[in-house]
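Trainee: Structure in structure tokens, see below.
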Amino acid sequence: MSGKLKVAGLLAVGLLILSRAPSLSVACLATLLRGMGGSTTWTYSTIILQKVVPDSMLGRVFALDFANAQLAAVSCALVWGVLMDLSGVRPVVLLAACLALLPCAVWTLCLDRMDWREPAVH
């Protein structure tokens, strides 16, 4: 297992722990782990955008990336809120943990296939 999957997997692990947290202190630790995994993934994607996107387009691409993240956050908050009303918090957080494993695995495969060498200057 690559180091990138271990770090990005913190998001899913944090959610899994949170779904079964017996106390507030364990829930806080789980939330910390989830945040570490999410912020690491965000950092990787930002670095990849900086390396791949031409400088003249970087601002527009970052604006689009941020807008998509906000749209996803709002959409997920609505969906998860409705699901929590219907079935409770713990089952929905467990579902989120399971669903988070798929993008973590895909993300890691993509990172492993990327060429991290510096571009040749012509």
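The values are calculated or read from the model by the stated rules, or taken from the named source; none is laboratory data. Small disclaimer: the values here were computed from a predicted structure and weren't measured. No Cβ is skipped: glycine too gets one built from the backbone with ideal geometry, and neighbour counts run over all protein chains shown. Ligands, DNA and RNA are excluded from the accessible area calculation, which covers all protein heavy atoms including side chains. Shrake-Rupley method; radii C 1.70, N 1.55, O 1.52, S 1.80 Å.
Trainee: Pairs please, first residue from the stretch 34-61 and within 17 Å of residue 100 (Cβ to Cβ) and among the basic types (Lys, Arg), second anywhere and at pLDDT below 90 and surrounded by 12 or more Cβ atoms within 10 Å (Cβ to Cβ), Cβ atoms under 6 Å, 6+ apart in sequence or on different chains.
Mentor: Taking only residues 6 or more apart or on different chains, the pairs are 34/11.
Trainee: Still on this structure, please answer the following. Among the listed residues 73, 96, identify the single one that is exposed (fewer than 12 other Cβ atoms within 10 Å of the Cβ), small (Gly, Ala, Ser) and either at pLDDT 95 or above or out of contact with any strand residue (DSSP E or B) (no Cβ under 7 Å at 6 or more places or on another chain) (or both).
Mentor: 73
Trainee: Something else about it: Just the residues that are touching a residue at least 12 places away in the same chain (Cβ under 8 Å) and under 15 Å from residue 15 (Cβ atoms), please, taken from the stretch 62-90.
Mentor: Selection gives 80, 83, 90.
Trainee: Could I ask something else about it? Tell me which residues, restricted to the stretch 84-93, are open to solvent by 50 Å² or more (accessible area, probe 1.4 Å) and in contact with a Phe, Trp or Tyr (Cβ under 8 Å, 6 or more places away or on another chain).
Mentor: Matches in the stretch 84-93: none.
Trainee: Continuing with the same structure: Is there a residue in the stretch 33-56 that is surrounded by 17 or more Cβ atoms within 10 Å (Cβ to Cβ), among the aliphatic types (A, V, I, L, M) and assigned to a helix (DSSP H, G or I)?
Mentor: yes
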